[in-house]
Amino acid sequence: MFTKKCVLLLGLLLALTSVALAQGVEMRVFTVGTRTIHWFANTTGQTVTGLRIAFEEPVKITGKVEVFGGLQNVTGTNEGFEFLFVGKVAPGGFVELRWEPDVTEPVLVMWLSGDKPVGMPYFGTVSALVKVIADGLVRLRDADPKAFGTLLTEFFTVNTTLASSLGQLGLSPEILSAMLMVAPAEGVENLLLTLVSSFGLDTVEKFMGALDWSVIFGALGL
């Protein structure tokens, strides 16, 4: 047992060394005996107060260990598609999670400070990425509609070819902005997913490469 713990600790130190500059969520997967273990390191550079993790298929959380912190599952159940853990994890700390079926991969892993994202989350699917963006945009809009309008204008200014692409769908930056200014969170998400599908952005890599998202991600704290 002592030897196994030393091996795991050595692996942890190596993992944290290799992900020190990731500035968000860094994942590691290990097999110990018959168990698959997932590590989620806090590389945001600050103490986080929550961890959100989601799956496309339901799973059952079967184990949780933290180093340099502690989190509690406040979801109300250990089974489902999405879980929220609340507490604190220091910079360089990590959470070890086990779930069944262990072959199911997460589609979203995100550190939180309060209810806001901290650092760059891990996105496994475009739909998970779009949901985070949609929720964040609505939060920004509701907090300061004028600043939100300015943010959209800046986004279209940076992405000079977007107006032409929208024109092929019978839209314009002005029309899209007006829709984003009034749609509820679910409506914003559905609108963005429709646009993503129309442009053929079916992978996270294509989505990230199609436009300059730095303005939006910066405003969302990602």
Quiz item: Quick check: anything in region 61-70 surrounded by fewer than 18 Cβ atoms within 10 Å (Cβ to Cβ), of a type in the set (A, V, I, L, M) and assigned to a strand (DSSP E or B)?
Solution: yes
Self-check item: Selection within region 50-92 - of a type in the set (A, V, I, L, M, F, W, C) and closer than 27 Å to VAL126 by Cβ
Solution: LEU51, ILE53, ALA54, PHE55, VAL59, ILE61, PHE81, PHE83, LEU84, PHE85
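Have a look at THR44, THR17 and point out the one that is at pLDDT below 90, closer than 22 Å to MET120 by Cβ and either hydroxyl-bearing (Ser, Thr, Tyr) or not assigned by TED's automatic domain parsing to the domain that holds ASN78 (or both). Spell out how you get there, then give the answer.
Numbers: THR44 fails: at pLDDT below 90.
After applying the criteria, what remains is THR17.
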Self-check item: Given (1) among the basic types (Lys, Arg); (2) under 23 Å from THR31 (Cα atoms); (3) modelled with pLDDT of 95 or more, number of the condition LYS88 does not satisfy
Solution: (2)
Quiz item: With (1) exposed (fewer than 14 other Cβ atoms within 10 Å of the Cβ); (2) over 18 Å from the mean Cα position of the chain (by Cα) as the list, and PHE81 as the residue in question, which single condition is left unmet?
Solution: (2)
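When you scan region 125-222 for helices (runs of 4 or more DSSP H) that lie fully inside it, which ones turn up with 3 or more residues that are among the aromatic types (Phe, Trp, Tyr) and buried (at least 17 other Cβ atoms within 10 Å of the Cβ)?
The qualifying helices (runs of 4 or more DSSP H) are 145-158.
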Quiz prompt | Pairs, first closer than 22 Å to ILE61 by Cβ in region 22-50, second surrounded by fewer than 18 Cβ atoms within 10 Å (Cβ to Cβ) and of a type in the set (Asp, Glu), C-beta under 6 Å, six or more apart | solution = THR36/ASP102; ILE37/GLU96; TRP39/GLU96
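The values are calculated or read from the model by the stated rules, or taken from the named source; none is laboratory data. Note that this is a predicted model, so its numbers are computed, not measured. Backbone-built Cβ (ideal geometry, glycine too); neighbour counts: all protein chains shown.
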